[in-house]
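See below for the structure under consideration.
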Amino acid sequence: MRGRWLLATGLSLVLGMAAAADRAPMTQPEVVATYPHDRDAFTQGLVFHGEQLLESTGQRGRSELRWVDLASGRVERRIPLSPRLFGEGLAITADHRLVQLTWQAGRALVWSRHGRLLNQWSYRGEGWGLTFDGQALIRSDGSETLTWHETEDFTPIRRLRVTDGGQPVRRLNELEWVRGHLLANVWQTRRIAIIAPESGRVVEWLDLSHLDANTPAHPGSTLNGIAWLETPQRLFVTGKRWGTLYEIEVPTRLRRPERAPQGMP
């Protein structure tokens, strides 16, 4: 019995060490520049349309779709959502439609680039983050699972479980597609996961604990907001009720040539 116990204990130790060794490395990007950001914005989605920054904000009765000037942080235009809706992730499709999630209403709002409501799609579960990979929309729901959706009617077409060292990575929130990789905020942390979309494995963590150090660390002020400007290659992050938008150093793996999106299984 003692021999079997020692064997089992040793095997568990070896497997635990192997899993730890397989975990993604952590890097801390440098801050390249800072810009003003509306401290009242409960940031849920952040995306560039060309060089125009758009933002989705949350909270019932305060949720909006916003057009924001990058340099000044000034909100140039805002469209309030129904008081019953809690705004969430935001993405832009290839034909320039803006798709904005809602948290628990199971409703995605489809806007024209000029802010005209075109359609509303329904979906099951919660809406947290949203991005577009060039072919499909990708949604997070606060779990470790990401769902790919058709861009014509939001039909789910693929699901992917995200892991690091074999363990699930839960509370995935705001998403951004960057040159063949998925970037995801993890709610209530100041970390961003860089995810391989074929396998769901986290290949690198971005540690952003050094940003906005004076903002209290609680759910109402967590890191949340990732925006990629393709030309030139620039990466921006902010948080809920943060007074600053940060441009951070682009990780080396994201500077590589973009891989074509994989066919959907």
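The values are calculated or read from the model by the stated rules, or taken from the named source; none is laboratory data. Keep in mind it's a predicted model, so treat the numbers as computed, not measured. Cβ sites come from the backbone with ideal geometry, for glycine too, and all protein chains shown count toward neighbours. Surface accessibility is based on the protein's heavy atoms, side chains included, excluding ligands, DNA and RNA. Shrake-Rupley method; radii C 1.70, N 1.55, O 1.52, S 1.80 Å.
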Does segment 205-220 contain any residue that is closer than 18 Å to residue 89 by Cα and of a type outside the set (D, E, K, R)?
-> yes
Picked from segment 73-82 (must be under 22 Å from the mean Cα position of the chain (by Cα) and assigned to a loop (DSSP other than H, G, I, E, B)), the residue farthest from residue 38 (Cα to Cα) is 81
Return a yes/no flag: does segment 60-71 have any residue that is among the acidic types (Asp, Glu), open to solvent by 40 Å² or more (accessible area, probe 1.4 Å) and touching a residue at least 24 places away in the same chain (Cβ under 8 Å).
-> no
Scan segment 83-101 and give yes if some residue there is in a strand (DSSP E or B) and more than 21 Å from residue 184 (Cα to Cα), otherwise no.
-> no
Of all residues making up segment 134-151, the number that are farther than 12 Å from residue 108 by Cβ and open to solvent by 10 Å² or more (accessible area, probe 1.4 Å) | 7
Complete set of residues in segment 152-163 that are open to solvent by 20 Å² or more (accessible area, probe 1.4 Å), assigned to a strand (DSSP E or B) and either free of Cβ contacts under 8 Å to residues at least 60 places away in the same chain or not basic (Lys, Arg) (or both) = 156, 157, 159, 161, 163
Options 125, 134: the member that is touching a Phe, Trp or Tyr at 6+ places or on another chain (Cβ under 9 Å), among the small types (Gly, Ala, Ser) and assigned to a loop (DSSP other than H, G, I, E, B) = 134
Counting only strands (runs of 3 or more DSSP E) entirely within segment 174-251, those with at least 2 residues that are buried (at least 23 other Cβ atoms within 10 Å of the Cβ) and in contact with a Cys (Cβ under 9 Å, 6 or more places away or on another chain) are none
Out of 34, 9, which single residue is modelled with pLDDT of 95 or more and either surrounded by fewer than 19 Cβ atoms within 10 Å (Cβ to Cβ) or more than 22 Å from the chain's Cα centre (by Cα) (or both)?
-> 34
Restricting attention to segment 19-71, which residues are in a strand (DSSP E or B), farther than 30 Å from residue 82 by Cα and not β-branched (Val, Ile, Thr)?
-> 26, 33
Search result, residues across segment 145-184 that are under 13 Å from residue 125 (Cβ atoms) and not hydrophobic (A, V, I, L, M, F, W, C) | 145, 147, 149, 156, 159
From the list 53, 109, which one is of a type in the set (A, V, I, L, M) and over 16 Å from the mean Cα position of the chain (by Cα)?
-> 109
Take the residues of segment 102-114 that are assigned to a loop (DSSP other than H, G, I, E, B) and among the polar types (S, T, N, Q): which is most open to solvent (accessible area, probe 1.4 Å)?
-> 104
Does residue 120 satisfy the condition of being of a type outside the set (Ser, Thr, Tyr), modelled with pLDDT of 95 or more, surrounded by fewer than 18 Cβ atoms within 10 Å (Cβ to Cβ) and in a strand (DSSP E or B)?
-> yes
How about segment 56-72: which of its residues are more than 16 Å from residue 103 (Cβ to Cβ) and under 22 Å from the mean Cα position of the chain (by Cα)?
-> 66, 67, 68, 69, 70
